[in-house]
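The values are calculated or read from the model by the stated rules, or taken from the named source; none is laboratory data. Since the model is a prediction, treat every value here as computed from it, not as a measurement. FYI the Cβ positions are ideal-geometry reconstructions off the backbone, even for glycines, and counts take in every protein chain you see. Note: accessible area is taken over every heavy atom of the protein model, side chains too, but ligands, DNA and RNA are not part of it. Shrake-Rupley method; radii C 1.70, N 1.55, O 1.52, S 1.80 Å.
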Amino acid sequence: MNAILKWFKKMPRSQWKLILLVASILLFIGVWYAVSWWTELRDPVQGSLVPPPDEVASSFYWLLSNKDRATGIYLFQHMFTSLERVFLGFALAFALALPSGLLMGRSWVAEGLARPIVEIFRPIPPLAWAPAFLIIFKIFWGPVAVVFLGVFFPILFNVMLGARSVDRTLIDAARTLGARRSDVFTKVVLPYTVPYLMTGVTVGLGIGWMCIVAAEFVSAEGGGLGYFILANSDFGYYPEMYAGMVLIGILSVLTTGLAGLFEREVYKRMGMD
Amino acid sequence: MIISVKDLRKVFTKERREVVALDGFDLEVLESEFVCLLGPSGCGKTTVLRIIAGLESKTSGQVLVHGKEVASSRPRVGMVFQEFALFPWRSSKKNVEFGLEVRHVPRDGRSKVADKYLDLVGLSGFAEAHPHELSGGMKQRVAIARALANEPEVLLMDEPFGSLDAQTRNLMQRELLRIWAATRKTVLFVTHSVDEAVFLADRIVVMTARPGKERESIEVLLPRPRDRTSPEFIAVRSRVLSELDEEFEKARARELSHSPEVKNNA
Ligand SMILES: Nc1ncnc2c1ncn2[C@@H]1O[C@H](COP(=O)(O)OP(=O)(O)OP(=O)(O)O)[C@@H](O)[C@H]1O
Ligand SMILES: [Mg+2]
């Protein structure tokens with residue numbers, strides 16, 4: 001007993017963290033099973049409303065090689081539809097928000113002109129636009145437009161904040177070295193803003209995944225994971241529904257992780273790690 | 001005459017209040033001369049440098065560098081700031097190359113010039129290091145190399161060693177004299193330290209309290225390297241100090257009589 005205690009005490013922090021991680025996951029799965037059994041006990045006729053983890057896992061496995069019963073196409077087709085929409089919405093938002101944010105942060109004329117428009121759109125949640133965008137942009141581009149709005153504002157505001165807080169003496173130094181306005185913009189303001197941009201990208205990606213699911217709920221038959229989840233729920237195929245949810249979680253974590261890797265790489269290139 | 005400033009006046013307007021920073025300020029600096037600008041805080045030393053560098057506009061007067069009015073577009077002066085002002089995302093070498101880059105000097109040429117000036121300031125071993133990996137003194141060496149790489153006629157320095165510890169500061173003063181001797185640049189150097197001014201300068205210009213103008217121009221004829229403990233050094237030092245003390249007193253007296261808080265309390 002004493003020997004085991006001693007061994008525990010000597011363990012480094014990193015190993016403790018690993019043990020805690022495993023414990024946390026086991027706890028989560030345990031609670032999931034418990035909830036699942038409890039709903040089954042409560043209403044044995046209807047069966048469990050929350051399928052246990054193993055059932056969701058096997059349904060997930062089944063969906064990898066079979067067309068799903070509710071929508072008639074493969075799960076990965078839905079996945080690609082959603083990925084495509086998130087990517088397009090994100091890319092468009094990034095391409096527009098970065099230059100707009102830089103301009104609005106550095107020029108009071110640009111800010112004075114654009115700010116009122118931004119303030120009109122900002123208080124309306126992107127999801128409130130989903131039905132309108134569906135009518136305007138139809139079933140594929142409608143959800144893309146919702147993602148666009150969700151990603152656009154976090155990037156715009158973060159870049160604006162960064163561009164505004166550029167160290168004055170850096171700009172002065174650049175000017176005494178012969179930099180023109182355009183040089184100051186590309187060689188001082190832009191690199192200075194990169195960390196702010198990265199914050200906007202990470203926040204924007206998270207919001208993008210929230211937006212895509214909800215927008216696809218509305219866009220029925222346009223495909224995508226949101227649609228997949230809703231359709232399986234309508235038919236009462238709960239294990240499939242949960243499998244779809246798990247997949248979205250995985251994708252969201254993966255894309256955010258990818259952004260994090262990209263961020264670290266950029267910092268390393270810029271010598272700021 | 002490489003710098004010629006005549007009857008310079010600068011008025012700042014801030015929230016509808018006017019601050020006369022400089023009024024009737026004259027300054028002449030000869031080629032290869034090392035001039036230190038000394039004066040009470042707020043007398044307009046930084047403003048003088050910024051106007052000569054083209055970073056700030058003047059209200060009236062004449063500012064000539066090599067006989068031409070300074071235009072903010074293409075400065076012919078280099079500037080070194082107290083806060084180093086290095087680009088944190090660029091290596092030492094890339095910092096030094098900045099001025100050449102915006103002047104579209106080809107890559108090979110840039111690299112050669114940067115190496116030359118990094119070598120001059122004694123930092124060839126740190127070409128690839130980023131500012132956050134350098135000590136304060138090393139950062140200021142990079143900043144000096146960066147200013148010199150543009151081959152300016154004049155080097156303006158605004159309390160460049162103000163944030164360094166005493167030991168590094170003394171070392172950097174000797175280093176600056178060595179670099180100055182090697183390049184024969186004209187240097188206009190702002191400092192708060194009388195000791196530093198007497199150690200470095202060919203001539204010390206003492207400014208009056210705000211609005212700043214020239215109060216006294218003192219030639220320092222001591223041979224270099226100067227010995228801070230020699231009686232001659234101390235004599236020059238006391239002379240400058242007494243000039244400066246009077247201005248400090250004037251500035252303080254005026255501050256007290258003009259301070260709104262004092263009036264309100266009375
Ligand atoms: N951008 C500005 N707007 C308004 N007032 C200014 C501005 N820059 C300087 N001043 C004022 O002009 C005066 C001179 O300022 P300056 O910075 O040139 O003094 P300084 O001699 O460099 O002072 P210090 O020794 O403290 O560095 C000060 O009263 C200052 O408040
Ligand atoms: Mg100053």
For segment A:1-52, enumerate the residues that are open to solvent by 100 Å² or more (accessible area, probe 1.4 Å) and either touching a residue at least 24 places away in the same chain (Cβ under 8 Å) or not in a helix (DSSP H, G or I) (or both).
A:Met1, A:Val45, A:Gln46
Step by step: first the residues of segment B:79-98, then only those that are farther than 26 Å from A:Lys268 by Cα and at pLDDT 95 or above, then the one that is farthest from the other protein chains (Cβ to nearest Cβ). Which residue is that?
B:Val80
Looking at A:Phe90, A:Phe76, which is the one that is open to solvent by 10 Å² or more (accessible area, probe 1.4 Å), at pLDDT 95 or above and part of a helix (DSSP H, G or I)?
A:Phe90
Could you please let me know if A:Asn232 is modelled with pLDDT of 90 or more, more than 14 Å from chain B (Cβ to nearest Cβ), assigned to a helix (DSSP H, G or I) and open to solvent by 20 Å² or more (accessible area, probe 1.4 Å)?
no
Only one residue in B:Glu101, B:Glu31 is within 10 Å of chain A (Cβ to nearest Cβ) and either open to solvent by 10 Å² or more (accessible area, probe 1.4 Å) or assigned to a helix (DSSP H, G or I) (or both), so which one is that?
B:Glu101
Within segment A:214-232, how many residues turn out to be among the small types (Gly, Ala, Ser) and more than 17 Å from A:Ile73 (Cβ to Cβ)?
2
Taking into account only those residues within segment A:172-200 that are free of Cβ contacts under 8 Å to residues at least 12 places away in the same chain and of a type in the set (Gly, Ala, Ser), which is farthest from A:Phe262 (Cα to Cα)?
A:Gly178
Please verify whether B:Cys43 is crowded, with 18+ Cβ neighbours inside 10 Å and more than 11 Å from ligand 1 (Cβ to nearest atom), treating the condition exactly as stated.
no
Candidate set from segment B:50-82 (those that are within 17 Å of A:Leu170 (Cβ to Cβ) and within 12 Å of ligand 1 (Cβ to nearest atom)); member that is surrounded by the most Cβ atoms within 10 Å (Cβ to Cβ)
B:Phe81
Give me the pairs: first residue in segment B:149-165 and away from every other protein chain (no Cβ under 12 Å) and touching a residue at least 24 places away in the same chain (Cβ under 8 Å), second residue in a strand (DSSP E or B) and within 16 Å of ligand 1 (Cβ to nearest atom), beta-carbon distance under 6 Å, and six or more apart or on different chains, which are they?
B:Glu159/B:Val190; B:Pro160/B:Val80
